[in-house]
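Asks: The structure follows.
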Amino acid sequence: MNIDIITLLPGLLESPFNHSILKRAKDKGLLHIEIHDLRNYGIGNSLQLDDYQFGGGAGMVLMPEPLFNCISKLKENKHFDEIIFLTPDGDRLTQKIVNTFSLKNNLLLICGHYKGIDERIREMFVTREISVGDYVLSGGELAAAVLVDAIGRLIPGVLNDETSALTDSFQDDLLAPPVYTRPADFMGMKVPEVLLSGHFKNIEDWRQEQAYQRTKNRRPDLLFDDDEL
Ligand code: ADE
């Protein structure tokens with residue numbers, strides 16, 4: 001999979017993709033990430049990227065020309081399956097959306113800043129608008145890192161059996177059950193007996209029940225329709 005990211009702050013995206021599972025995905029050639037510095041498309045001697053918003057109001061807006069030039073250039077060489085703008089007014093990211101993106105070949109992510117990007121760029125190019133939660137970040141970079149991490153680990157061949165995504169929270173609309181490792185007795189707190197039993201079916205039943213109870217207590221919205229709550 002290829003993921004291109006347009007940003008004002010490439011430095012912010014240097015580290016997140018160079019560790020752990022995403023690093024392995026890149027090293028195995030399963031994930032290619034290219035960061036594009038929007039400053040290279042700035043206007044005039046000062047390489048201007050942002051300007052005041054028409055109609056007044058606090059906050060600057062990313063101008064359309066630099067984004068238009070950058071996106072158009074990238075589109076010359078690649079067909080993007082989705083052009084995704086990270087923005088707090090986008091669709092709230094879910095595991096289902098992540099699953100869908102993980103099946104694509106070419107994604108282009110656009111990180112916004114200040115008050116956002118000129119609306120005409122959204123109309124012209126953007127196919128999907130994604131928010132990583134109902135709060136405002138200072139830019140789209142950390143949201144892009146979240147999205148790439150969630151997608152990258154689902155690309156076939158990236159996770160091995162030990163890290164399999166099938167048992168993740170949300171994959172079956174349930175939170176994951178509790179997990180334990182050695183020692184079986186830690187300061188008098190014991191691991192549930194069933195997990196030590198070696199009885200596969202009982203362990204599976206226990207995990208299923210724990211996952212259900214945990215979801216019911218913490219995230220009932222995942223189990224029931226709104227009008228049942
Ligand atoms: N940019 C600023 N806040 C954001 C959010 N919550 N999600 C995605 N992009 C953002």
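The values are calculated or read from the model by the stated rules, or taken from the named source; none is laboratory data. Computed from a predicted model, the values in this text were never measured in an experiment. For neighbour counting, all protein chains shown are included, and Cβ atoms are generated from backbone atoms with ideal geometry for every residue, glycine included. Ligands, DNA and RNA are stripped out before the accessible areas are found, and what is left, the full protein with its side chains, is counted by its heavy atoms. Shrake-Rupley method; radii C 1.70, N 1.55, O 1.52, S 1.80 Å.
Asks: Filter region 166-204 down to the residues that are in a helix (DSSP H, G or I) and at pLDDT below 95, then identify the one that is least open to solvent (accessible area, probe 1.4 Å). Steps first, answer last, please.
Replies: Within region 166-204, the subset in a helix (DSSP H, G or I) is 166-167, 193-196, 200-204.
The next check asks that each one be at pLDDT below 95; those that pass are 166-167.
Numbers: LEU166: 144, THR167: 106 Å².
Residue satisfying both the conditions and the ranking: THR167.
Every residue, every condition in (1) under 25 Å from LYS78 (Cα atoms); (2) hydrophobic (A, V, I, L, M, F, W, C); (3) without any contact (Cβ under 8 Å) to a residue 60 or more places away in the chain; (4) within 9 Å of the ligand (Cβ to nearest atom), yes or no:
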| position | (1), (2), (3), (4) |
| --- | --- |
| THR94 | no, no, no, no |
| VAL98 | yes, yes, yes, no |
| LYS104 | yes, no, no, no |
| ARG120 | yes, no, yes, no |
| LEU137 | no, yes, yes, yes |
| ALA143 | yes, yes, yes, yes |
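Asks: Checking ARG207 against (1) exposed (fewer than 11 other Cβ atoms within 10 Å of the Cβ); (2) farther than 25 Å from HIS32 by Cβ, which test does it fail?
Replies: Just one mismatch for ARG207, condition (1).
Asks: Those residues that are modelled with pLDDT of 95 or more and more than 19 Å from VAL148 (Cβ to Cβ), I need them from region 83-116; list them, please.
Replies: Within region 83-116, just ASP89 meets the criteria.
Yes/no per residue for (1) more than 14 Å from the chain's Cα centre (by Cα); (2) open to solvent by 50 Å² or more (accessible area, probe 1.4 Å); (3) within 13 Å of the ligand (Cβ to nearest atom); (4) of a type in the set (S, T, N, Q):
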| position | (1), (2), (3), (4) |
| --- | --- |
| LYS78 | yes, yes, no, no |
| ILE84 | no, no, yes, no |
| MET124 | yes, yes, no, no |
| ARG128 | no, yes, yes, no |
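Asks: For region 181-196, which residues satisfy the criterion of being of a type in the set (Ser, Thr, Tyr) and touching a helix residue (DSSP H, G or I) at 6+ places or on another chain (Cβ under 6 Å)?
Replies: Keep residues of region 181-196 that are of a type in the set (Ser, Thr, Tyr), which gives 181.
Selection gives nothing.
Asks: Restricting to region 11-37, count the residues that are buried (at least 16 other Cβ atoms within 10 Å of the Cβ) and farther than 12 Å from VAL148 by Cβ.
Replies: 3
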